[in-house]
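Report on the structure given below.
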Amino acid sequence: MSTRLINRHAVLTGAGGGIGAAVAAAYLHEGAICSVVDLPHAASEEVQNLAVQYPGKVKYISANVTKSTDIDRLVQVASDAFGPIHILYNNAAIFDMAPLLESDEAMYDKMFAVNVKGAFFVMQKVLAHMVTNKTRGSVINMASQAGRRGEALVSHYCATKAAIISYTQSAALAMASHHIRVNGIAPGVIATPMWKHVDALFAKYENLPLGEKKKQVGLAVPLGYMGDPTDICGAAIFLASDEASYITAQTLNVDGGNVMS
């Protein structure tokens with residue numbers, strides 16, 4: 001175990017698997033205590049294994065980030081379990097896509113409800129908690145390379161992640177006087193379980209064999225391959241730690257060179 005986050009209480013949303021679970025494991029390895037939030041009523045096998053590996057340092061909370069009552073409850077349950085929150089890893093999000101002229105209102109409403117509304121109000125309520133407790137906290141919002149540019153088939157997702165980058169900047173300026181830092185991470189193409197769904201959608205709309213889009217995007221990365229969830233952990237630890245004490249309002253690209261900004 002390292003000690004860069006020793007005894008700091010981190011709340012991580014969308015952390016039942018993929019990038020969120022990888023970051024939770026990395027935070028625990030660095031000495032943090034973690035409230036792990038996801039939608040299912042029961043913790044995933046990954047989260048259960050973390051709870052066994054780090055006894056007394058993992059609390060699973062089932063919550064729907066589109067519901068304000070659930071957000072209030074998750075902040076209360078987390079703080080009751082482990083005390084004031086020092087770190088928010090704001091990761092809960094969903095993905096969908098369709099040609100622009102076929103994209104319907106239901107898709108729009110669902111994606112913005114989770115990716116923008118949910119992310120904003122989780123951030124707002126955790127920030128209010130930090131201000132009340134005079135915590136010099138760190139918030140890390142998960143954006144995406146999709147928030148840096150538009151894509152023909154992915155218009156709503158790109159727009160939601162662009163909103164996250166903007167909210168990160170605004171919140172950082174609003175919280176600076178409270179010594180609370182707000183930053184973002186913009187991953188590139190990361191080989192999470194969600195990519196099976198993403199690949200199937202591209203296969204449908206671009207008439208590709210299953211697996212071909214995933215292969216193509218990996219080869220198109222300047223470093224030559226898709227990232228792994230663990231590739232996000234270094235940035236997530238750094239931004240949460242005192243090493244980033246003079247960094248706020250930034251969104252760090254972790255994408256193998258896909259986007260240069």
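Every read-out reported here was derived from the displayed coordinates using simple, explicitly stated rules and does not represent laboratory data. Given the structure is predicted, the values throughout are model-derived calculations rather than measurements. Every residue, glycine as well, gets a Cβ built from its backbone with ideal geometry; the counts of neighbours run over all protein chains shown.
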key: Inter-site label distance for Asp72 and Phe112 at 7 Å from Cα along Cβ, in nm   = 2.5
key: Cα-based Lys pair tally, the chain, threshold under 16 Å, eight or more apart or on separate chains   = 14
Label-zone membership for segment 125-144, site His179, 7 angstrom Cα→C-beta point, backbone N under 16 Å = 130-139
ask   = So, by mean Cβ neighbours within 10 angstrom, what's the order for 156-166, 69-79, 191-201 with the highest one leading?
value = 156-166, 69-79, 191-201
ask   = Taking θ as phi - 60°, what are the ³J(HN,Hα) couplings along segment 57-63 by the Karplus curve (6.51, -1.76, 1.60), each to the nearest whole Hz, with x for Gly and Pro?
value = 10, 10, 10, 8, 10, 7, 7
message = Please list, in order along segment 198-211, the HN-Hα scalar couplings obtained from phi with the Karplus expression 6.51 cos²θ - 1.76 cosθ + 1.60 (θ = phi - 60°), rounded to whole Hz, x for Gly and Pro.
response = 4, 4, 5, 5, 5, 4, 5, 8, 10, 6, 10, x, 4, x
ask   = Between segment 7-39 and segment 128-172, how many Å separate their Cα centres?
value = 18
note = Cβ density ranking, 10 Å radius, fewest first, applied to Phe112, Phe202 yields Phe112, Phe202
request  = Compute the distance in nm between two label points, each set 7 Å from the Cα along the Cα-to-Cβ direction, one at Ala128 and one at Leu219.
outcome  = 5.1
remark   = Ranking Val154, Gln169, Gly257 by how far each Cα lies towards the positive end of the charge dipole of the chain (+1 on Lys and Arg Cβ, -1 on Asp and Glu Cβ), the top one is Gln169
ask   = Given that just one value was derived from the coordinates, which of (1) 58, 42, 34; (2) 52, 36, 36; (3) 52, 48, 35 is Cα extents along the principal axes in Å?
value = (2)
request  = For the chain, set up a Gaussian network in which alpha carbons nearer than 10 Å are linked by springs, and say which option among Ala119, Ala42, Ala26 fluctuates the most.
outcome  = Ala42
ask   = When only C-alpha pairs under 8 Å and at least 6 residues apart count, what is the relative contact order of the chain, in percent?
value = 19
